[in-house]
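> Dropping the structure in here first, questions after.
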Amino acid sequence: MDQAKIKELKKISYDIKLGAIEAVYSANSGHPGGSLSISDILAYLYFNEMNVDPKDPDCVDRDRFVLSKGHCAPALYSVLSLKGFFPREDLKTFRQADSYLQGHPDMKHTPGVDMTSGSLGLGISAACGMALAAKYCGKTYRVWAVMGDGELGEGQCWEAALFAAHYKLDNLCAFVDDNGLQIDGPTKEVMNTESIADKFRAFNWNVVEIDGHDMEAIEAAVELAKVTKGKPTMVVAHTIKGKGVSYMENSCGWHGKAPNAEEYAQAVAELEAAKAELDK
Amino acid sequence: MADIKKIATREAYGEALAELGAKYDNFVVLDADLAAATKTGTFKKKFPERHFDCGIQEGNMMLVAAGIATTGLLVPFASTFAMFAAGRAYEQIRNGIGYPHLNVKIGATHAGISVGEDGATHQCNEDIGTMRTIPGMTIISPADAVETKAAVEAALLYNGPVYIRLGRLAVPVFNDPDNYKFELGKGIVLADGSDAAIFATGIMVNAAMKARESLLAEGIDAAVINIHTIKPIDEELIVKYAEKTGAIVTAEEHQIIGGLGSAVCEVLAENHPTPVKRIGIKDKFGKSGKVPALLEEYGLTPADIAAGVKAAIAAKNK
């Protein structure tokens, strides 16, 4: 990946962040912290990897994406709007009673959402089902999923981890957005899920640890997942919760809280400035 | 009648899957380490490549089924005991299958107290109740092997989530395989009657027919209606028989809270208030024991239904 491509994807990542923050601000509700920590991963997957077509969102051969940490819907909606699945301005309707942009992803009403999610631990199992169906039907699509490090407290994640390895779902690649924070505090203090990498290795996954904000590292992990045979891939992505908005970074308090007008203006200013900086 | 064949509905479920497997290539079967008990093993023998054991992880299995269904490529049947489907995996079914209205079929065996010796932890008397609260969920509770086979095919051909309630116990096969017709959501009048109407489901349908016979000897003419589809329930038929008889009895191998009795009462309370007696498990857990003794202890015999009919008629005549 050349520098121009990295810059392009980084700009998209900032646009994802801007849309996500706008959605949360408009709703005065939602989850900005985790939405900001996964934006680089989403930018890479949707703009440099996945075979999806907004004109044919239900195409049976498309790649699938499951946001197992469904509360980060603002980031997902933002990337889907950038991709052209629905108008960007609809992000402002997020969480409103007359909107198709539910608080957590709803596959029935939102173009581009491949699986309803939000109840933690369920999405990764659904991703396993999609991958299993591809294997059975001889389809070559791949399934991508993003989980949270806090989410790994759910026992069902480990059921899915057993299942994916048992059925050798090498067409499945999951990221853990390892931002180290959950609602009640640092993951290490609330319920320690470390070492995530060692655990998934023990569950017989192909495991890679990366800086989840480094496009080249994301690319390397994705390429590794694609050539790995016989095992699902787990990308443990070390990230910063709230990445890109100074006052939200590494703060539990911004897990599920909307910025006020002043805070919103500051977030937009910081993100726009950082995006502009890329062209300097 | 003496040597009427007895087959468990779970047995018929396994056979139905195996037979349908040859007719339709668009479905797969998941199980959670209970293939020998749920009888999906019968399908597995014939179609090993279409059967996926998930091990003992019912929550994951429900979402794997959901994920398969999202692709539109295949219809999954997910099987385990009713307790671990409608009980343990309730939230997975609610959020992962019901909410997105995915085309998943849940084959739940070992429903009710007729599980017998395994006792309360494995006797699910609450599954109709939990499944009924999920918007858009279809619930089928077949009464015998013939009905089960027809219901499984109907579930496969229907696009949406279906919960199929099946039993462990071998029960009389009273439907005629050559003439039986299953229509989703439509109750079947097995015997007409004018004094009272018994709405029964599952293994209680046959018990209701026996109750009718004993009542006839006493000059009481009770209709017997098989409610194989508990949701959507046949409101029209329920109201029709309430109008016609004025005395209603429900019979189910399930808690009277949340099950068929509740469903019938809901219909009647809003459309045609009528005295109702509910025969079922009265807010209790089950226990280990031989099935006939349990059915007697928990008030699920033909005699209990007959007593219910008399009580309903007495309430009507008050």
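The values are calculated or read from the model by the stated rules, or taken from the named source; none is laboratory data. Fair warning: this is a prediction, and the values are worked out from it, not measured in the lab. Every residue, glycine as well, gets a Cβ built from its backbone with ideal geometry; the counts of neighbours run over all protein chains shown.
> Pull up the stretch B:229-246, narrow it to residues that are touching a Leu at 6+ places or on another chain (Cβ under 9 Å) and in a loop (DSSP other than H, G, I, E, B), then point me to the one that is farthest from B:Ile305 (Cα to Cα). Can you show your working first?
Just the residues of the stretch B:229-246 that are touching a Leu at 6+ places or on another chain (Cβ under 9 Å), to begin with: B:229-230, B:232-233, B:238-239, B:242.
Right, trim to in a loop (DSSP other than H, G, I, E, B) and you get B:232-233.
On the way: B:Pro232: 24, B:Ile233: 21 Å.
Out of the qualifying residues, it is B:Pro232.
> Anything in the stretch B:154-173 that is of a type in the set (Phe, Trp, Tyr) and either outside the structural domain of B:Met131 (by TED's automatic domain parsing) or under 16 Å from B:Gly14 (Cα atoms) (or both)? List them, or say none.
Going residue by residue through the stretch B:154-173, those that are of a type in the set (Phe, Trp, Tyr) are B:158, B:163.
Selection gives B:Tyr163 alone.
> Give just the number: which of (1) out of contact with any helix residue (DSSP H, G or I) (no Cβ under 7 Å at 6 or more places or on another chain); (2) under 23 Å from A:Ala164 (Cβ atoms); (3) small (Gly, Ala, Ser) does A:Ala237 not satisfy?
Going through (1) out of contact with any helix residue (DSSP H, G or I) (no Cβ under 7 Å at 6 or more places or on another chain); (2) under 23 Å from A:Ala164 (Cβ atoms); (3) small (Gly, Ala, Ser) one by one, A:Ala237 breaks only (1).
> So, one more: Before we move on, is A:Asp177 in contact with a Cys (Cβ under 9 Å, 6 or more places away or on another chain), more than 14 Å from every other protein chain (Cβ to nearest Cβ) and not in a helix (DSSP H, G or I)? Reasoning before the result, please.
Values: in contact with a Cys (Cβ under 9 Å, 6 or more places away or on another chain): yes; more than 14 Å from every other protein chain (Cβ to nearest Cβ): yes; not in a helix (DSSP H, G or I): yes.
Considered against the rule, which asks whether it is in contact with a Cys (Cβ under 9 Å, 6 or more places away or on another chain), more than 14 Å from every other protein chain (Cβ to nearest Cβ) and not in a helix (DSSP H, G or I), A:Asp177 comes out as yes.
> Do you know which residues across the stretch A:53-76 are more than 14 Å from chain B (Cβ to nearest Cβ) and either more than 23 Å from B:Ala69 (Cα to Cα) or in a loop (DSSP other than H, G, I, E, B) (or both)?
Of the residues in the stretch A:53-76, the ones more than 14 Å from chain B (Cβ to nearest Cβ) are A:53-55, A:69, A:72-76.
The answer is A:Asp53, A:Pro54, A:Lys55, A:Lys69, A:Cys72, A:Pro74, A:Ala75.
> Restricted to the stretch A:107-128, and to residues that are in a helix (DSSP H, G or I) and touching a Phe, Trp or Tyr at 6+ places or on another chain (Cβ under 9 Å), which residue is nearest to A:Val66 (Cα to Cα)? Don't jump to the end; show me each part of the working.
Step one: list which residues in the stretch A:107-128 are in a helix (DSSP H, G or I), which gives A:122-128.
Add one more test, that the residue is touching a Phe, Trp or Tyr at 6+ places or on another chain (Cβ under 9 Å), and what stays is A:125, A:127-128.
Values: A:Ser125: 10, A:Ala127: 6, A:Cys128: 10 Å.
Going through the qualifying residues, I end up with A:Ala127.
> When you go through (1) over 25 Å from A:Lys241 (Cα atoms); (2) of a type in the set (A, V, I, L, M); (3) facing chain B (nearest Cβ under 7 Å); (4) assigned to a helix (DSSP H, G or I) one by one for A:Ala131, which number turns out not to apply?
(3)
> Being within 24 Å of B:Ser114 (Cα to Cα) and at pLDDT 95 or above narrows it down to one residue among B:Gly258, B:Gly185, B:Gly160; which is it?
Values: B:Gly185 fails: within 24 Å of B:Ser114 (Cα to Cα); B:Gly160 fails: within 24 Å of B:Ser114 (Cα to Cα).
Matching residue, one of B:Gly258, B:Gly185, B:Gly160: B:Gly258.
> I want to confirm something. Restricting to the stretch A:234-271 and keeping residues that are assigned to a loop (DSSP other than H, G, I, E, B) and among the charged types (D, E, K, R), which single residue is surrounded by the fewest Cβ atoms within 10 Å (Cβ to Cβ)? Before the answer, list the steps.
We begin by selecting, within the stretch A:234-271, every residue assigned to a loop (DSSP other than H, G, I, E, B); these are A:239-251, A:255-260.
Then keep just the ones that are among the charged types (D, E, K, R); that gives A:241, A:243, A:249, A:257.
Details: A:Lys241: 26, A:Lys243: 22, A:Glu249: 16, A:Lys257: 18.
Restricting to residues being assigned to a loop (DSSP other than H, G, I, E, B) and among the charged types (D, E, K, R), the top hit is A:Glu249.
> For the stretch B:50-59, which residues satisfy the criterion of being in a helix (DSSP H, G or I) and either of a type in the set (S, T, N, Q) or within 7 Å of chain A (Cβ to nearest Cβ) (or both)?
Filtering the stretch B:50-59 for residues in a helix (DSSP H, G or I) gives B:50, B:58-59.
Result: B:Gly59, single match.
> Here's something else I'd like to know. Do any strands (runs of 3 or more DSSP E) lying entirely in the stretch B:162-210 carry at least 3 residues that are surrounded by 24 or more Cβ atoms within 10 Å (Cβ to Cβ) and either out of contact with any Asp or Glu (no Cβ under 7 Å at 6 or more places or on another chain) or among the acidic types (Asp, Glu) (or both), and which ones are they? Before you say what the answer is, go through the steps one by one.
Values: elements: B:162-165, B:170-172, B:188-191, B:196-200.
Here the list reads B:162-165, B:196-200.
> Would you tally the residues in the stretch A:262-274 being free of Cβ contacts under 8 Å to residues at least 12 places away in the same chain and of a type in the set (Gly, Ala, Ser)? Write out each step before concluding.
Taking the stretch A:262-274 first, the residues free of Cβ contacts under 8 Å to residues at least 12 places away in the same chain are A:262, A:265, A:269, A:273.
If we keep only those that are of a type in the set (Gly, Ala, Ser) as well, we get A:265, A:269, A:273.
Looking only at that region, the number is 3.
> Looking only at the stretch B:53-64, which residues are under 15 Å from B:Lys105 (Cα atoms) and either surrounded by fewer than 24 Cβ atoms within 10 Å (Cβ to Cβ) or acidic (Asp, Glu) (or both)?
Across the stretch B:53-64, the qualifying residue is only B:Glu58.
> Considering each residue of the stretch A:108-134, count those that are surrounded by fewer than 23 Cβ atoms within 10 Å (Cβ to Cβ) and either closer than 13 Å to B:Val64 by Cα or under 17 Å from the mean Cα position of the chain (by Cα) (or both), and give that number. Don't jump to the end; show me each part of the working.
The first filter runs over the stretch A:108-134 and keeps only residues surrounded by fewer than 23 Cβ atoms within 10 Å (Cβ to Cβ), leaving A:108-111, A:118-120.
If we keep only those that are either closer than 13 Å to B:Val64 by Cα or under 17 Å from the mean Cα position of the chain (by Cα) (or both) as well, we get A:110-111, A:118-120.
Total meeting the criteria: 5.
> When the stretch B:219-239 is examined, which residues are found to be of a type outside the set (D, E, K, R), touching a Gly at 6+ places or on another chain (Cβ under 6 Å) and buried (at least 18 other Cβ atoms within 10 Å of the Cβ)? Don't jump to the end; show me each part of the working.
Here is the first cut: in the stretch B:219-239, the residues of a type outside the set (D, E, K, R) are B:219-220, B:222-230, B:232-233, B:237-239.
Those still in the list that are touching a Gly at 6+ places or on another chain (Cβ under 6 Å) too: B:222-223, B:225, B:227, B:229, B:232, B:237.
If the condition is that a residue be of a type outside the set (D, E, K, R), touching a Gly at 6+ places or on another chain (Cβ under 6 Å) and buried (at least 18 other Cβ atoms within 10 Å of the Cβ), then B:Ala222, B:Ala223, B:Ile225, B:Ile227, B:Thr229, B:Leu237 are the ones that fit.
> Okay, next question. Scan the stretch A:98-128 for residues that are of a type in the set (Gly, Ala, Ser) and more than 10 Å from chain B (Cβ to nearest Cβ) and report the count. So that I can check it myself, show each step before the final result.
Step one: list which residues in the stretch A:98-128 are of a type in the set (Gly, Ala, Ser), which gives A:99, A:103, A:112, A:117-119, A:121, A:123, A:125-127.
Filter once more, so that each one left must be more than 10 Å from chain B (Cβ to nearest Cβ): A:99, A:103, A:112.
Matching residues across the stretch A:98-128 total 3.
> Which of the residues belonging to the stretch B:65-112 are over 25 Å from B:Glu253 (Cβ atoms), more than 8 Å from chain A (Cβ to nearest Cβ) and either touching a residue at least 60 places away in the same chain (Cβ under 8 Å) or surrounded by 24 or more Cβ atoms within 10 Å (Cβ to Cβ) (or both)?
Matches in the stretch B:65-112: B:Val75, B:Leu102.
> Look at the stretch B:35-49 and say how many of its residues are assigned to a helix (DSSP H, G or I) and either at the interface with chain A (Cβ under 8 Å from one of its Cβ atoms) or not basic (Lys, Arg) (or both). Spell out how you get there, then give the answer.
We begin by selecting, within the stretch B:35-49, every residue assigned to a helix (DSSP H, G or I); these are B:35-38, B:40-46, B:48-49.
Still in the running and either at the interface with chain A (Cβ under 8 Å from one of its Cβ atoms) or not basic (Lys, Arg) (or both): B:35-38, B:40-43, B:48-49.
Number satisfying all stated conditions: 10.
> Okay, moving on. Please verify whether B:Val249 is out of contact with any Ser or Thr (no Cβ under 6 Å at 6 or more places or on another chain) and either not in a helix (DSSP H, G or I) or not assigned by TED's automatic domain parsing to the domain that holds B:Ala303 (or both), treating the condition exactly as stated. Can you show your working first?
Numbers: out of contact with any Ser or Thr (no Cβ under 6 Å at 6 or more places or on another chain): yes; either not in a helix (DSSP H, G or I) or not assigned by TED's automatic domain parsing to the domain that holds B:Ala303 (or both): yes.
Yes.
> Looking only at residues that are touching a Lys or Arg at 6+ places or on another chain (Cβ under 7 Å) and buried (at least 24 other Cβ atoms within 10 Å of the Cβ) in the stretch A:35-54, which one is farthest from A:Gly242 (Cα to Cα)?
Once the filter is applied, the top-ranked residue is A:Ser39.
> Outside any loop (DSSP other than H, G, I, E, B) and more than 13 Å from chain A (Cβ to nearest Cβ): is that true of B:Met62 in this structure?
Working: outside any loop (DSSP other than H, G, I, E, B): yes; more than 13 Å from chain A (Cβ to nearest Cβ): no.
It is false that B:Met62 is outside any loop (DSSP other than H, G, I, E, B) and more than 13 Å from chain A (Cβ to nearest Cβ).
> Same structure again: Can you confirm whether B:Gly87 is at pLDDT 95 or above, under 21 Å from A:Ala134 (Cα atoms) and part of a helix (DSSP H, G or I)? I'd like the intermediate steps shown before the answer.
Values: at pLDDT 95 or above: yes; under 21 Å from A:Ala134 (Cα atoms): no; part of a helix (DSSP H, G or I): yes.
It is false that B:Gly87 is at pLDDT 95 or above, under 21 Å from A:Ala134 (Cα atoms) and part of a helix (DSSP H, G or I).
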